[in-house]
1. Grab the DSSP H runs of the chain that are 4 residues or longer, score each as -39,500 (n - 2.57), total them, divide by all residues and round the 222 nm result to the nearest 500 deg cm²/dmol.
2. Only four residue types carry charge here, +1 at the Cβ of Lys and Arg and -1 at the Cβ of Asp and Glu. Report the dipole size of the chain about the Cα centre in Debye, rounded to the nearest 20.
3. Run the reach check for K42 against aspartates and glutamates, Cα to Cα strictly under 19 Å, same-chain hits fewer than 8 apart removed. What comes back?
4. When the accessible area of the chain is split by element with a 1.4 Å probe, what percent falls to carbon and sulfur?
5. May I ask you to give the solvent-accessible area per residue for segment 1-68, in square angstrom, as obtained with a 1.4 angstrom probe?
6. In Å and whole numbers, how far do the C-alpha atoms of segment 11-91 stretch along each principal axis, longest first?
Amino acid sequence: MPRAHLLVVDDEPSILTTLQKALSLEGYGVDVAGGIKVAEDKLKKRTYDLCLFDVMLPDGDGVELLSRMRAAKTDTPVIMMSGHATIDTAVR
């Protein structure tokens, strides 16, 4: 049984693969999604212990996804990640 189950959302396949392999080796169960729609489908089907969201996704914004989770009263911890964040995005 995994230590915890994580959801990683990123549009870069290499990042998804790398994080899934690394976190799985550490004993975590890991689901991945390449965009917001897939992530929302996965979030409807199960509860996660931690989510990692890219800020900029092809079908939306990871911060918006976090806002929708909070509006739905989901209190799962979320780590936001980005390769090209601005100060405004960091403050949000």
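The values are calculated or read from the model by the stated rules, or taken from the named source; none is laboratory data. All values reported here derive from a predicted model rather than from experimental measurement. Quick reminder, even Gly has a Cβ in these numbers, built from the backbone with ideal geometry, and neighbours come from all protein chains shown. Note: areas computed on protein heavy atoms with side chains; ligands, DNA, RNA excluded. Shrake-Rupley method; radii C 1.70, N 1.55, O 1.52, S 1.80 Å.
1. Details: 4 runs with 38 residues, N = 92.
Only helices count here, giving -12000 deg cm²/dmol.
2. Values: 11 positive and 14 negative charges, 86 e Å.
Roughly 420 debye for the chain.
3. Counting by Cα, and skipping residues close in sequence, K42 has these aspartates and glutamates nearby: D10, D11, E12, D31, D54, D59, D61, E64, D75.
4. Details: 3260 of 5740 Å².
The C+S portion of the solvent-accessible surface of the chain is 57 percent.
5. Numbers: 3810 Å² over 68 residues.
Roughly 56 Å² per residue, with all protein chains present.
6. 35, 29, 20
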